[in-house]
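Everything below concerns the one structure shown next.
The values are calculated or read from the model by the stated rules, or taken from the named source; none is laboratory data. Just so it is clear, the model here is predicted, and its values are computed rather than measured. As a convention, Cβ positions derive from the backbone with ideal geometry for all residues, glycine included, and neighbour counts pool all protein chains shown. For the accessible areas, the whole protein counts, side chains as well, though only heavy atoms, and no ligand, DNA or RNA atoms are used. Shrake-Rupley method; radii C 1.70, N 1.55, O 1.52, S 1.80 Å.
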Amino acid sequence: MARRKKRKTNNRFVVISLILFLTVAFFVVYQRDTIYRVFRPAEQQARTYRYYQTYFNKYSVFGIDVSLYQGDINWTKLSSKQKIDFVFIRATAGNNRVDSKFAYNWEYAKKYNIKRGAYHYYRPNEKSTDQANLFINTVVIESGDLPPVLDIEEFSKVQSIRSLKRGLLNWLHLVENHYGVTPMLYTYNKFYFQLFAKDERFSRYPLWIAWYNINRNPDEIIDDWSFWQFTDKGILRGIEGGVDINIFNGTPEDFKKLLIP
């Protein structure tokens, strides 16, 4: 009887181990992007905007990106206490959501002479034409603004990679045709390599890359990038809580050439 009990215990152990292995395997295969966002290989200490300007002294054009999650920004304090060269502002998400702080942020960025750009958060399970139309109907771009941006960070649960890419290209084409300017593409580094790095159809769109690693420059992994979002824990006067900080890859003269004439 002792031997039978031992075999029963071993069998239970094998079954539990198999269940744990299959659970871990599922998350690694199907939830890898969620895992990446939670466990990013990055230095994530909260630092001031000025600290990063000194730390990255080889660059000269710095900015931020904001959305409703930054709450009511004090634009007077923000613009007077730090030199903000540009700000990307979330305008829309999916096919039906206008960022509740967009109009306010868009107006005040212009009022305080901060170069502004609008971005759309793309939902991969919704129709790309509807998403493009929402952005077009929401954002009025003027001379001196930055090109519109497509933000894509998720894989679709209802369509193939090929179909997802067609939708992204459709959004980019519709927006480009409407505004007469080439849009930009935002994503994080692993998503970029999985979807866009070897697809020439996306190479014409300036890249804004999210890579939270201040110890390694994107030049080490990407040949051509325009903006680099390197932290979401920046500290700025005028904004409560952490905020994304970005670097432009070029001189102030290069930055001016990117602006809409």
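Go through the stretch 241-258 and give me each residue that's assigned to a strand (DSSP E or B) and either open to solvent by 40 Å² or more (accessible area, probe 1.4 Å) or of a type in the set (A, V, I, L, M) (or both).
Here is the first cut: in the stretch 241-258, the ones assigned to a strand (DSSP E or B) are 243-248.
Residues satisfying the conditions are Val243, Ile245, Ile247.
Taking only pairs six or more apart or across chains, which ones have beta-carbon atoms under 7 Å, a first residue in the stretch 237-261 that is closer than 11 Å to Gly144 by Cα, and a second residue that is surrounded by fewer than 17 Cβ atoms within 10 Å (Cβ to Cβ) and polar (S, T, N, Q)?
Once the first residue is closer than 11 Å to Gly144 by Cα and sits in the stretch 237-261, its partners that are surrounded by fewer than 17 Cβ atoms within 10 Å (Cβ to Cβ) and polar (S, T, N, Q) give Ile260/Ser143; Pro261/Ser143.
If a residue has to be within 14 Å of the chain's Cα centre (by Cα) and outside any loop (DSSP other than H, G, I, E, B) to count, how many in the stretch 211-232 make the cut?
6
Kindly establish whether Arg166 is closer than 26 Å to Asn74 by Cβ and surrounded by fewer than 22 Cβ atoms within 10 Å (Cβ to Cβ).
On the way: closer than 26 Å to Asn74 by Cβ: no; surrounded by fewer than 22 Cβ atoms within 10 Å (Cβ to Cβ): yes.
Answer is no for this residue.
Conditions: (1) touching a Pro at 6+ places or on another chain (Cβ under 8 Å); (2) open to solvent by 60 Å² or more (accessible area, probe 1.4 Å). Asn189 meets all but one. Number of the miss?
Status for Asn189: all satisfied but (2).
Quick check: anything in the stretch 194-204 in contact (Cβ under 8 Å) with a residue 12 or more places away in the chain, touching a Pro at 6+ places or on another chain (Cβ under 9 Å) and open to solvent by less than 30 Å² (accessible area, probe 1.4 Å)?
No, the stretch 194-204 contains no residue that is in contact (Cβ under 8 Å) with a residue 12 or more places away in the chain, touching a Pro at 6+ places or on another chain (Cβ under 9 Å) and open to solvent by less than 30 Å² (accessible area, probe 1.4 Å).
Could you count how many residues in the stretch 117-148 are among the hydrophobic types (A, V, I, L, M, F, W, C) and either part of a strand (DSSP E or B) or within 20 Å of Phe193 (Cβ to Cβ) (or both)? So that I can check it myself, show each step before the final result.
Filtering the stretch 117-148 for residues among the hydrophobic types (A, V, I, L, M, F, W, C) gives 118, 132, 134-136, 139-141, 146.
Subsequent filtering for residues that are either part of a strand (DSSP E or B) or within 20 Å of Phe193 (Cβ to Cβ) (or both) retains 118.
The qualifying residues number 1.
Among the residues of the stretch 47-92, how many are in contact with a Lys or Arg (Cβ under 7 Å, 6 or more places away or on another chain) and more than 20 Å from Arg237 (Cα to Cα)?
Total satisfying the criteria: 0.
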